[in-house]
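Participant: I have a structure here, written as structure tokens, and I will follow up with some questions on it.
The values are calculated or read from the model by the stated rules, or taken from the named source; none is laboratory data. Worth saying up front: this structure is predicted, and the values here are computed from it rather than measured. Here the Cβ positions follow ideal geometry from the backbone for every residue, glycine too, while neighbour counts run over all protein chains shown. Side chains included, ligands, DNA and RNA excluded: accessible areas come from the protein's heavy atoms. Shrake-Rupley method; radii C 1.70, N 1.55, O 1.52, S 1.80 Å.
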Amino acid sequence: MRKAVLSWIVVVVVWGAASEGAGQSAPLLRPDPRQWAARQTRERFGFLDWLIGNCSSNSGDGGGRRCQHQEPEFEGYDGWYNNLARPSLGAVDTPLLRLLPAAYSDGVYQLVNHSTNPLTLSDQLMNGDNGNHSTGGRTAFQVFFGQQVVEEIVDAQGAGCPPEYHNIPIEEGHEYRRHPPHMREMPFLRTRYDATTGLSPNNPRQQLNEITPYLDGGLVYGTSKAWADMLRTFPDGTLAPRGQLAWNQKLGQGFPARNKEWLPMANPPPPTNHSQYVAQGHTAPVDRFFKLGNPRGSENPFLLTFGIMWFRWHNYIARYLANHHRAWSDEKVFNEARKWVIATYQAVVFYDWLPKYLRTNPSEYKGYKVTTDPQISQVFQSAAMRFGHTLVPSGVHLRTRSKEGCIPLSHRLSQGPRHHLDGVRTCNSFWRTPELFADDSGNFERFLMGLSSQSSEREDNIVVEDLRGHVFGPLEFSRRDLMAINIQRGRDHGLPDYNTARQFFGLSRLHSLDPKEFKRKTGAEVDISVLKRLQKLYQNDPNKVDIWVGGLLETHSSAPGDLFSRIILDQFERIREGDRFWFENNNNKLFTPEEQERLRQTRIIDVLLTVTTLLPEDDIQLDPFTAVHDKNRVSEVCLREFTLEARCTLPQGNTTRCQYLPQINSVNAEKCTPLHTYDYFSGSEVSYILTFTLVLGACVAMFVWIIVMNRTLADDMTRDTLRNIALPDNVHKAKEKVTRMKSRYVVLELDKAIRHLQVKNIQLNLLRTIDLNNVKVVTVRHLKDFRELIVTVANHYDLSLVFEGASHGRKFFEDLKDFCEDLDLDLRHKQEGRLSIKFGVTTVYDRQKKLAELCRFVMHHTVYKEKTPKKVEQNKSFFIDITLDELANELGMVPENLFVKQLFRRMDTNKDGFITVKEFWDVMEVLAKGKPEEKARLVFDIYDINQSNFLYTEDLVRLIQSGCGYDSTDAKSLAKAMMKSAGMLKDEGISFEKFKNIVLHPGSIFRKVSLHIGKDRQLTRSFSIDNFESFRGRLESETGDTKDDDTDSAFSQWYNGWINSIGSKIQYVFWLVLYTIVMFLIFAEGAYFFSVEREHRGLRRIAGYGVTVTRGAASAMMFTYSTLIVTMCRNLFAVLRSTFLQRIIPFDHMVEFHRYMASWALVWTVVHIVGHAINFYHISTQTASDLTCLFRDFFRSTHVLPKFHYWCWETITGLTGVLLTLQTALIYIFAYFGRTNFFRHFWVTHNTYPIFYVLFVLHGSGMLVQRPFFHYFFLGPCFLFLLDKLVSISRNKIKIDIISVAQLPSDVIRLEIRRPPNFNFRSGQWVKIASTGISGQEYHPFTLSSAPHVKNLTLHIRAVGPWTRKLAEVYGDKIGNEKYPEIYMDGPFGEGHQTWWDYQVVVLVAGGIGVTPFASILRDMVNRLQNSTKMMRTKQVLFLWTTGSQKQYEWMIDILREVEASDKNKIIRIHIFITQFRSKFDLRTIMLYMADRFYQSESGISLFTQLRAITHFGRPDFDAILRTIKKKCKANLIGVFTCGSPGLSRSVEESCREMNKSPDVIFRHYYKNF
């Protein structure tokens, strides 16, 4: 004591001497608050006059004490460069300090493996009655001040990102399980960590401190300059004047401004308002809070009270400095004020609060130590600092001033029974702080007085239920157990066991958990029963005890136990020694020694009294950290309210009687609101269902619309035509239901003369005839209004009719009724309902199916098996009579055809108007097994129209006109040739005997005569004689068997065919396989990345492995959609075809590649969409905080609970995803189903690809899952495509003249186009044209029919679609010199046909108008043949042309005639197949074939084409053709080029594959379909 007194005397003497030398300096000793704060004034600067004084930087200023002359270095905000040797030491977001070795279960990052449930430990060891007063004279003021001290130096509770849940199981019998909502797990999220750690045992996981460990004013100013600037800014954007922090314009200068700028303050949902948030679908917005430096400063009103106090402290100092230093700028004032606030805060914490909290004094300050690490230790953050939890009371009083009676006021925060005592319940006040101050600004001082008047909870192991079971939580778990979280947090941070911690801090280890040993070694004062439970829960093993549990149970003597005390003291001393800007550090030049001394004397009461109007020792005691006692007094009025009086041990160690307001506990306060949960998907149900219903519905609607429009387009045209037809009275129009799904418009005619009901199409061509000659009964079923009726006649399928109106149906019924009466037929009719009339209908489909079965059966058994007709008739399924219509249909002819009638007459032996099964069997047996004489008799009978037993020229003319469509002149010429071939004179008839002698010579073709029935290809082959034996005989110039001598096994043939098929398209197969492999590798890489490398991040954590599929599909989509546009670089391919690359890259298959890529793109798109439909559901079920972490680029307010409609419709990713889905559906539906009938729509939708790719880029730019990388795939192809487009644009904007137009048969139009300058092309190439007479933007492809050497270009275009029909109309006949509309042309573009010159043997196959590319090729060949300098590599050419009639393309006949004339070396061999004739051996054409054989033998040219080319009847058998070529032509590789219908290309392709089954010759097939 004497030494202390002497030291004070020395200080006073020294200060006095200094004062005399310095003039008017402020005294060194701290002024008495009872003097400078004795009056209740608005602003008190008395303490600041002493602390700061009239300090001036001007040395000549004699009116104040001396200050620093040089500008000091002000402390930063984020901790960087506090330590110049290690700049990051103590910086924000740096790892916590690990004093103790990490004890992760795997040594790296997995939670410490303790088997005891944290909730069980909380219940068993920390449960008890609350409302017990402190034995150490602590006040609630000291406790909550300690909370804001902790939040000044450490914030390591933020959840890691991505979230790592290690939920705590809730055991049976726990409160959470017993009461609704009966939860089974309490959510627990692991904290943030340094991503560079947790990789190996040498580098275990290290958690981060998100703020600085220094006492640097982070609570007041934040941890960044930007945050501090926002605290100084008013909502209108103006800066607070004179270096102050912005204040609340409603509550006045004493309160911080509201968070109108939406600073990212912590904003958990207040648990008391849970039901409100669930109902409204969002929580409270963050702008309700005050702007503070501490983001969590509004957690509870008691913590906020200190935030307001320090806010006021800064502004008081700033105003003081501004008043005394008017030359200073606002920035200078702010920085100086901040310097003093930080210094006073350091002094108060270290020399006022800490000694009273720990009951021990820190060591003497020895100066700044650059080697000291100030970082918060793991054991401090996860255990020791949480000692304060046991001191937190269940509530705090709102106390009035002394002059108002020191009365505690009431403030309810929940609905329910009124509590018995005033105050604010801790558990119900979480995050509801603003309303407590906004409603009444006087609550700030009332809280200060209440905190200082109330005892903390007792220093023991018991924690109030407000924290142990009712601390705030997320919406899905609104009340949590903070003690269980403390235990789990220690395990999360890898803290070792309790014994290890004691040993590290110099304390003795425990050998067991025996209560006696525990008390002896730790000095614990807890109840013995608690220690016994501890022993049981941890199996008597102190090496299993969690540090938080063991340290808490050490609590004794009104202070933390030895372990926690040492940890806390160590931490604060390291903070002081490692802070270069500590106020006592003389080297930082922040303060003079005198100022440092004044700061050391500063106490919390000085700050509190400066910023309030409270009166010392009246409203509040001089030491608010300590309870009221005889030397720490308040007014007598207040003492009367302080009814709780108990003995306490003061920080100085002396014992006295302390007085408090009555303690708030769970009995006399309002109840804590219970635990509630929340389903985050609630509110998303409607939007989720509607979104996918509408999107899917739109896609289905587009699909259905295009299908319906395809079906109804022809019906509309037919109906319009039908309406314009003038019909007589006895003729009706209706819609006939052909099948249950298909219908057609028909005209019905009742012909009494021949007793027929005829059904015709709108062109009045006969479709079917209902023959009533051998019928007695006609049945009609109809609706009441006759709008729909069904006519049933024996041996005919039902006629199902729907009329346009009821009157039309009734009129038809009346006419049918009169018709039957006139013909003496029994008309029976029955009225039915709309449902019943649809049943029992025999449609044409049903009838044809039965006929087909009958024909198949008869054909099969007449050709291959012996079976009597009697056995056939026993088969009841074949009790059917065939009508004339049905026979004609099976023959592919019309009933009026003379040949059909003659054949029907020949078959109908009993003349009843029907063909029975036996009659049909007899004829077919003759054709299949009959002798040549029998077949000749059958043919003779058919051709003998008059049944005169003689054949005349007139009979043949009628048959030719009827069966082949020739006019009378051509038919007569053919008939005369046929008679001449038989050696007959003009008017002489042929008897059967002469006919037999003519046709039945050796090798007669009558041995091969058959009748082709039905459309089934296999059926036709089943009973047809080998069609092409004669053709092969001509081709080989001899008759003989041409079957392969191949005796390989079936497997060898299959293997060779497979190998040769690949070899024939080796380029295409190679690139196809390579592309597919790369595509799947890209998919696998994306899936792997999100399965393994991003296992714990983003959407992967929410949706599991489902997201790996969608992300893999997304990568594959990027690849396919990017490479898709490469296949459209036609100009590039046209150039590259002429280079060596055409031998490497399959340019001819780019269209197939385009479709292949597009198909895979669609597959991946569907996978991606379906996957994200599931993923978005998962997203909508997640917590808002987790989603903020996982999707950091999607910013939204913290009170928003994002629903499905937010993610789908309010994010760029979701919205563009919906638009992309719809556009994809639009493009693909029109590409697959609308191209034929709605080409304009197809063209328009396909040309929306720029929008598609823009949306694609925007879709990824949202970064919902990952950073966009579509550009890596897209930029290269896009660059090539744009260059290609620029080339096309440079050409297709030039108008080109049409020189001439010719209208050719079969709706073909020939355009002769002026050849543009420098337009070079190869035969077989094509161009795209757009007509200015239709649309200058709509381009269509057509093959050039002119040869490269010709001056002008020609196109032969057949009018088959809307655009080509319009083209034919626009370029129709012109009057005079009227000019044709000009065209735009783009091209030429390469095609597979242009590579014909690469092969020595070439097979050209054309179908119909598909002959146009070969017109160019053949003309080119002619030119090359005529010019020896341009000799071709090709040595043999076989041109096969299939056409319905040679008269359809007479222009091509001229070209072929020119080719024949120029082909001196017989390189080109031409074969024409006229497909209107079924076969040369068919009954219908046998005589024509004979005539053509005779005519060609006499003249050397075909009777039909006038060419040397061989004319064939029927469709070509490509197997036989290619087999003959294979034997005849000596070449290892043969090029086959096809242009025609898809069916033709398919037939040729199948034949090539068949031929490729043998290894010696490969047929390489190129095709182009139209």
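Participant: Residues that are at pLDDT 85 or above and open to solvent by 30 Å² or more (accessible area, probe 1.4 Å): find the helices (runs of 4 or more DSSP H) completely inside segment 774-879 holding 2 or more of those.
Facilitator: Because the criterion is at least 2 residues that are at pLDDT 85 or above and open to solvent by 30 Å² or more (accessible area, probe 1.4 Å), the helices (runs of 4 or more DSSP H) in segment 774-879 that meet it are 806-822.
Participant: Being at pLDDT below 80 and touching a helix residue (DSSP H, G or I) at 6+ places or on another chain (Cβ under 7 Å): is that true of SER1049 here?
Facilitator: Considered against the rule, which asks whether it is at pLDDT below 80 and touching a helix residue (DSSP H, G or I) at 6+ places or on another chain (Cβ under 7 Å), SER1049 comes out as no.
Participant: If you don't mind, another one. Does LEU727 satisfy the condition of being more than 26 Å from ILE837 (Cα to Cα), part of a loop (DSSP other than H, G, I, E, B) and at pLDDT 75 or above?
Facilitator: When the stated conditions are applied, LEU727 does not pass them.
Participant: Continuing with the same structure: May I ask you to list the residues in segment 75-124 that are charged (D, E, K, R) and within 46 Å of the chain's Cα centre (by Cα)?
Facilitator: Going residue by residue through segment 75-124, those that are charged (D, E, K, R) are 75, 78, 86, 93, 98, 106, 123.
The answer is ASP78, ASP93, ARG98, ASP106.
Participant: For segment 604-614, indicate whether the set of residues that are at pLDDT below 95, in a loop (DSSP other than H, G, I, E, B), open to solvent by 10 Å² or more (accessible area, probe 1.4 Å) and more than 17 Å from GLN346 (Cα to Cα) is non-empty.
Facilitator: Yes, segment 604-614 contains at least one residue that is at pLDDT below 95, in a loop (DSSP other than H, G, I, E, B), open to solvent by 10 Å² or more (accessible area, probe 1.4 Å) and more than 17 Å from GLN346 (Cα to Cα).
Participant: Of (1) open to solvent by less than 20 Å² (accessible area, probe 1.4 Å); (2) without any contact (Cβ under 8 Å) to a residue 60 or more places away in the chain, ALA1225 satisfies all except one. Which?
Facilitator: Evaluating ALA1225 over (1) open to solvent by less than 20 Å² (accessible area, probe 1.4 Å); (2) without any contact (Cβ under 8 Å) to a residue 60 or more places away in the chain leaves (2) as the failure.
Participant: Does segment 1163-1174 hold any residues that are open to solvent by 40 Å² or more (accessible area, probe 1.4 Å) and closer than 21 Å to LEU1275 by Cα, and which are they?
Facilitator: Residues satisfying the conditions do not exist here.
Participant: Within segment 1175-1188, work out how many residues are open to solvent by 20 Å² or more (accessible area, probe 1.4 Å), in contact (Cβ under 8 Å) with a residue 24 or more places away in the chain and closer than 22 Å to ASN267 by Cβ.
Facilitator: 3
Participant: Now, a different point. Look at THR212 and say whether it is buried (at least 19 other Cβ atoms within 10 Å of the Cβ), modelled with pLDDT of 95 or more and assigned to a loop (DSSP other than H, G, I, E, B).
Facilitator: Details: buried (at least 19 other Cβ atoms within 10 Å of the Cβ): yes; modelled with pLDDT of 95 or more: yes; assigned to a loop (DSSP other than H, G, I, E, B): yes.
Answer is yes for this residue.
Participant: What residue, among those in segment 43-62 that are modelled with pLDDT of 70 or more and of a type in the set (A, V, I, L, M, F, W, C), is most open to solvent (accessible area, probe 1.4 Å)?
Facilitator: That would be PHE45.
Participant: For segment 574-594, enumerate the residues that are touching a residue at least 60 places away in the same chain (Cβ under 8 Å) and in a helix (DSSP H, G or I).
Facilitator: The answer is ARG574, ILE575, ARG576, GLU577, ASN586, ASN587, ASN588, GLU594.
Participant: Here's a follow-up. Checking the condition in contact (Cβ under 8 Å) with a residue 40 or more places away in the chain, hydroxyl-bearing (Ser, Thr, Tyr) and surrounded by fewer than 20 Cβ atoms within 10 Å (Cβ to Cβ), which residue from SER224, SER298 passes?
Facilitator: SER224
Participant: If you go through segment 1533-1553 one residue at a time, how many are crowded, with 22+ Cβ neighbours inside 10 Å and not small (Gly, Ala, Ser)?
Facilitator: Adding up the residues that qualify gives 8.
Participant: Same structure, new question: Here's a check for you: in segment 1232-1265, which residue that is assigned to a helix (DSSP H, G or I) and among the β-branched types (Val, Ile, Thr) is surrounded by the most Cβ atoms within 10 Å (Cβ to Cβ)?
Facilitator: For segment 1232-1265, the residue satisfying everything is THR1245.
Participant: Taking the options CYS672, CYS699, CYS658, name whichever one is open to solvent by less than 40 Å² (accessible area, probe 1.4 Å), in contact with a Cys (Cβ under 6 Å, 6 or more places away or on another chain) and not in a loop (DSSP other than H, G, I, E, B).
Facilitator: Going through CYS672, CYS699, CYS658 in turn, the sole match is CYS658.
Participant: Then there is this: Quick check on segment 362-401: of everything there that is under 12 Å from ILE568 (Cα atoms) and part of a loop (DSSP other than H, G, I, E, B), which residue is most open to solvent (accessible area, probe 1.4 Å)?
Facilitator: Looking at residues that are under 12 Å from ILE568 (Cα atoms) and part of a loop (DSSP other than H, G, I, E, B), I get PRO362.
Participant: Looking only at segment 1302-1338, count how many residues are among the charged types (D, E, K, R), under 48 Å from the mean Cα position of the chain (by Cα) and in a strand (DSSP E or B).
Facilitator: Counting residues in segment 1302-1338 that are among the charged types (D, E, K, R), under 48 Å from the mean Cα position of the chain (by Cα) and in a strand (DSSP E or B) gives 1.
Participant: If you scan segment 1190-1217, which residues turn out to be in contact (Cβ under 8 Å) with a residue 40 or more places away in the chain, farther than 25 Å from MET1117 by Cβ and open to solvent by 20 Å² or more (accessible area, probe 1.4 Å)?
Facilitator: Within segment 1190-1217, SER1197, THR1198, HIS1199, VAL1200 meet the criteria.
Participant: Among the listed residues ILE1145, ILE1125, which satisfies the condition of being farther than 16 Å from ALA1225 by Cα, in a loop (DSSP other than H, G, I, E, B) and open to solvent by less than 50 Å² (accessible area, probe 1.4 Å)?
Facilitator: Answer to the check: ILE1145.
Participant: Go through GLN35, GLN40, GLN70 for me and flag whichever is modelled with pLDDT of 85 or more and open to solvent by 80 Å² or more (accessible area, probe 1.4 Å). First the steps, then the outcome.
Facilitator: Working: GLN40 fails: modelled with pLDDT of 85 or more; GLN70 fails: modelled with pLDDT of 85 or more.
Every option except GLN35 fails the conditions.
Participant: Another question about this same structure. Anything in segment 468-484 that is touching a helix residue (DSSP H, G or I) at 6+ places or on another chain (Cβ under 9 Å), open to solvent by 10 Å² or more (accessible area, probe 1.4 Å) and either outside any strand (DSSP E or B) or among the aromatic types (Phe, Trp, Tyr) (or both)? List them, or say none.
Facilitator: Hits for segment 468-484 are PHE472, PRO474, LEU482.
Participant: Hey, another quick one. Would you mind stating whether GLY136 is assigned to a loop (DSSP other than H, G, I, E, B) and open to solvent by less than 10 Å² (accessible area, probe 1.4 Å)?
Facilitator: yes
Participant: If you check LYS339, LYS332, which single one turns out to be within 19 Å of ASP579 (Cβ to Cβ) and surrounded by fewer than 22 Cβ atoms within 10 Å (Cβ to Cβ)?
Facilitator: None of the others qualify; the one that does is LYS339.
Participant: Looking at PRO1268, PRO1277, can you tell me which residue is more than 30 Å from THR283 (Cα to Cα) and part of a helix (DSSP H, G or I)?
Facilitator: Numbers: PRO1268 fails: part of a helix (DSSP H, G or I).
The unique qualifying residue is PRO1277.
Participant: What pairs come out if I take residues in segment 822-851 that are among the acidic types (Asp, Glu) and pair them with residues that are open to solvent by 80 Å² or more (accessible area, probe 1.4 Å) whose C-beta lies under 7 Å away, six or more apart or interchain?
Facilitator: ASP822/LYS752; ASP826/LYS776
Every residue, every condition in (1) at pLDDT below 80; (2) open to solvent by 40 Å² or more (accessible area, probe 1.4 Å); (3) out of contact with any Pro (no Cβ under 9 Å at 6 or more places or on another chain); (4) within 23 Å of GLY1540 (Cα to Cα), yes or no:
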| residue | (1), (2), (3), (4) |
| --- | --- |
| TYR1371 | no, no, no, no |
| ASN1377 | yes, yes, yes, no |
| PRO1381 | no, no, yes, no |
| ASP1398 | yes, no, yes, yes |
| THR1412 | yes, no, yes, yes |
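Participant: Go through LEU239, LEU199 for me and flag whichever is over 30 Å from THR677 (Cα atoms), surrounded by fewer than 17 Cβ atoms within 10 Å (Cβ to Cβ) and in contact with a strand residue (DSSP E or B) (Cβ under 7 Å, 6 or more places away or on another chain). Give the steps one after another, and end with the answer.
Facilitator: Numbers: LEU199 fails: in contact with a strand residue (DSSP E or B) (Cβ under 7 Å, 6 or more places away or on another chain).
Exactly one residue qualifies, and that residue is LEU239.
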